[in-house]
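The values are calculated or read from the model by the stated rules, or taken from the named source; none is laboratory data. Predicted model only: the values in this text are computed from it and were never measured. Counting neighbours? That spans all protein chains shown, and the Cβs are built from the backbone with ideal geometry, glycine included. Surface areas here come from the heavy atoms of the whole protein model, side chains and all, with no ligands, DNA or RNA. Shrake-Rupley method; radii C 1.70, N 1.55, O 1.52, S 1.80 Å.
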Amino acid sequence: MGFSAPLYFTLTSFLLFVILLYFFRKQYEKRPIPSVLLWQEWMNEFEAQAWWKKLQHHILLYLQLLALLFLIFSLVQPYLEKKGMEGDHFVFIFDTSASMTALADEENTRFELAKREALDTLEQLSDQAVTIIVANDTPLVMEERKTSKNEIRRHLEALKPSYSTANLTDSIELAKSLIGEEQGQIHVFSDNLSKSTDLLFHENTTFAAHNLGGELPNLSLMTFGVSRNDEKVIGVATIKNESKEPKEVVLEVYGEDEKLVEMTERIEPDETKTIYLENLSEAKIYHAKISGDKHYVLDNEQHAFLLDESESTVYVHENVHPFARKALEIASSQVVHLTSKSPVPDQEGVHFIKGIPMEEWPKGPKYIFLPMAQSPEQKVELKGEISFDQNHPLLNLVEIDKVFVQSAYSTPIDGLEVLANKGNVPLLLEGVHDGYPIIIQTFELDASDWPLHPGFPLFLYNAIEHLTAGQELLGYFSPGDWLEYIPPSDISSVEISNATGETVVQYEDFDQNLQLPHKPVLYRLIEVKSSDTTEKFLTVMLDDEEKSISTEESFSLSSSKASKVEEGISKYDITYIFLILGLLVLLVEWEVYRRAVTN
């Protein structure tokens, strides 16, 4: 047993004070009596009594002394010591990155061992507060200052890998701010937190880095890509050998479901080898994988998209300004000028439109010159300077701020991104309408000198490239990325499924962007319509940092005032026991006094 405030033992002097009060209390009253014979007989009997019966005459004194002693023990805050972890607040930080899914032994992954170590640490705690932080790009506090072991255990067991690179630095800073100056410990469960990391802690804080896993051999498909060259498809794959021995690696490349390449390469220890793949059969999606590695399989596969680099047809509708027609012919060699009698191709190429009502717009990417026919746009005279988004690729080298614009029209579509504006009036807007990319120019070329600037045909070229970017192939994403998605009006729901056809996530509400799955594989984005469905493809890729499973040694840091992790002792406060005993003794003392007065 120990005492947190032994100074209060000095109050035991009050016990002597109570005893002195008993010495000076009034014991007899003077009264006239007929004889003292009975008193003498009683005194003789009292002297002959046993010592323990004599004590009964002072029971109130003993009860009062005992109650006072219990209260003094409560003030000194007694506690029991047991082996465990010392501290008032414990923060568990979890690295949920992809490398934590690597096998640490023949059966368990590093992440499973991390949860097991956290549960073992939890069992050594008594009633200390526990906070759980997941080290995402923005650290996520799962639970804060919880004391229920069952609740904490339930959250620890429910943790899953996020596959994205862990932000341990910001997570540790967050943990430090949560603990503050109180006695606490920070435990990081990771695989590669280096001891050389610049870590500074409060003198009351103990830090422990649990780096799970050992040095295991690993083969990593670092990069894989395909492109078209002189009407031939070529590919490049980069493979790294992280082991200390040479490895024989089997590389397989598939186009759609057909195996195109199978080859074996010898890679020396710590060597990164580049393999060139020539004359691949044409496909939209290529799949490369390597074999010979069982400890970490997430970096053994990659998907690559073959983008269609053929030039899209540009359809210029009847009322488009002649200056714009000439600039489009400079920007593209596939320009088709339409008349009122020409059939309008649907969902093909990119359309440049002016003077056509919105309900008659063809499906597909569009560039809209305002005003539209019979439309409610209001013409506004412009004042002030032109401001624009300098980082947007559409405005690269365009110098739109040097253009004179006299007037513009209000846009009929909400939710578009403003690329340039004059005053508070947008001049150029970009976004998605009815499921297709769209650019709106709110001013007429007759009210501007833009066609005289060299940036005008350059902007139209950028617009064509932007509007005709691959739509069936959505591209490459990191784990848990957000996809900007505005569906066509006839889409009821969107499903994202993996290669086996299993639906991973489904959306029916499109008020926000869609969050993509975390596991790095190829996904299908299925747009569900009333009559049919359409499919688009995307791939979630590992971050470059997660293509290695190298580890660091575990370590701990503590100041002189903070106990070392391995030498920690848990304190179990028993103050409440003495408080309860003191109150019980006071109740007994009151009952004894009441009966004495009554008798």
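Working carefully through the options D509, D446, find the one that is modelled with pLDDT under 90, of a type outside the set (A, V, I, L, M), open to solvent by 70 Å² or more (accessible area, probe 1.4 Å) and outside any strand (DSSP E or B).
After ruling out the rest, the residue left standing is D509.
Given the condition assigned to a helix (DSSP H, G or I) and among the basic types (K, R), answer yes or no: does some residue in the stretch 76-92 qualify?
Within the stretch 76-92, none of the residues are assigned to a helix (DSSP H, G or I) and among the basic types (K, R).
Just give me the residues in the stretch 274-299 being surrounded by 14 or more Cβ atoms within 10 Å (Cβ to Cβ) and more than 17 Å from V226 (Cα to Cα), in sequence order.
Answer for the stretch 274-299, where residues must be surrounded by 14 or more Cβ atoms within 10 Å (Cβ to Cβ) and more than 17 Å from V226 (Cα to Cα): S291, G292, D293, H295, Y296, V297, L298, D299.
Would you please name the residue that is farthest from the chain's Cα centre (by Cα), looking only at residues in the stretch 230-245 that are basic (K, R) and surrounded by 11 or more Cβ atoms within 10 Å (Cβ to Cβ)?
Selected residue: K232.
State all residues of the stretch 97-147 that are among the charged types (D, E, K, R), in contact with a Ser or Thr (Cβ under 7 Å, 6 or more places away or on another chain) and more than 19 Å from K547 (Cα to Cα); if no residue qualifies, say none.
Of everything in the stretch 97-147, those that are among the charged types (D, E, K, R), in contact with a Ser or Thr (Cβ under 7 Å, 6 or more places away or on another chain) and more than 19 Å from K547 (Cα to Cα) turn out to be D127, E143, E144, R145.
So the check is Cβ under 7 Å with 6+ separation or different chains; which pairs have a first residue in the stretch 400-426 that's basic (K, R) and a second one that's surrounded by 14 or more Cβ atoms within 10 Å (Cβ to Cβ) and assigned to a strand (DSSP E or B)?
K422/I386; K422/V405
What tally of residues in the stretch 61-74 results from selecting those that are of a type in the set (G, A, S) and surrounded by fewer than 17 Cβ atoms within 10 Å (Cβ to Cβ)?
Qualifying residue count, the stretch 61-74: 0.
Conditions tested, residue by residue: (1) without any contact (Cβ under 8 Å) to a residue 12 or more places away in the chain; (2) touching a Gly at 6+ places or on another chain (Cβ under 7 Å); (3) surrounded by 13 or more Cβ atoms within 10 Å (Cβ to Cβ).
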position: I496; (1), (2), (3): no, no, yes
position: L516; (1), (2), (3): no, yes, yes
position: K519; (1), (2), (3): no, no, yes
position: T534; (1), (2), (3): yes, no, yes
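Taking the stretch 75-129 as the region of interest, how many residues are modelled with pLDDT under 85, closer than 17 Å to L298 by Cα and open to solvent by less than 10 Å² (accessible area, probe 1.4 Å)?
0
Which condition number in (1) in a strand (DSSP E or B); (2) touching a residue at least 24 places away in the same chain (Cβ under 8 Å); (3) over 17 Å from E301 (Cβ atoms) is the one that Y523 fails?
Y523 satisfies every listed condition except (3).
Being buried (at least 18 other Cβ atoms within 10 Å of the Cβ) and on the phi > 0 side of the Ramachandran plot is the filter here; which residues of the stretch 155-213 pass it?
Listed by number, the residues that qualify are Y163, G213.
Looking at F70, F24, F14, which one is out of contact with any strand residue (DSSP E or B) (no Cβ under 9 Å at 6 or more places or on another chain) and at pLDDT below 75?
F24
Pick from the stretch 377-396 the residues that are closer than 24 Å to L458 by Cα and hydrophobic (A, V, I, L, M, F, W, C): which of them is farthest from the chain's Cα centre (by Cα)?
I386
Going through the stretch 250-260 one residue at a time, which ones are modelled with pLDDT under 95 and open to solvent by less than 30 Å² (accessible area, probe 1.4 Å)?
Residue satisfying the conditions is G255 alone.
Under 9 Å by Cβ, and 6 or more places apart or on different chains, what pairs join a residue from the stretch 469-483 that is farther than 15 Å from V432 by Cβ and buried (at least 16 other Cβ atoms within 10 Å of the Cβ) with one that is among the aliphatic types (A, V, I, L, M) and modelled with pLDDT under 90?
L473/L306; L473/L307; F477/L483
Restricting the search to the stretch 321-338, which residues are within 47 Å of the chain's Cα centre (by Cα), farther than 12 Å from L460 by Cα and assigned to a helix (DSSP H, G or I)?
Passing the criteria: none in range.
Contact list please: Cβ distance under 8 Å, first residue in the stretch 576-599 and open to solvent by less than 90 Å² (accessible area, probe 1.4 Å), second residue at pLDDT below 85 and not in a helix (DSSP H, G or I), pairs at least six apart or on different chains.
Close Cβ pairs (under 8 Å, with a partner that is at pLDDT below 85 and not in a helix (DSSP H, G or I)) amount to F578/P78.
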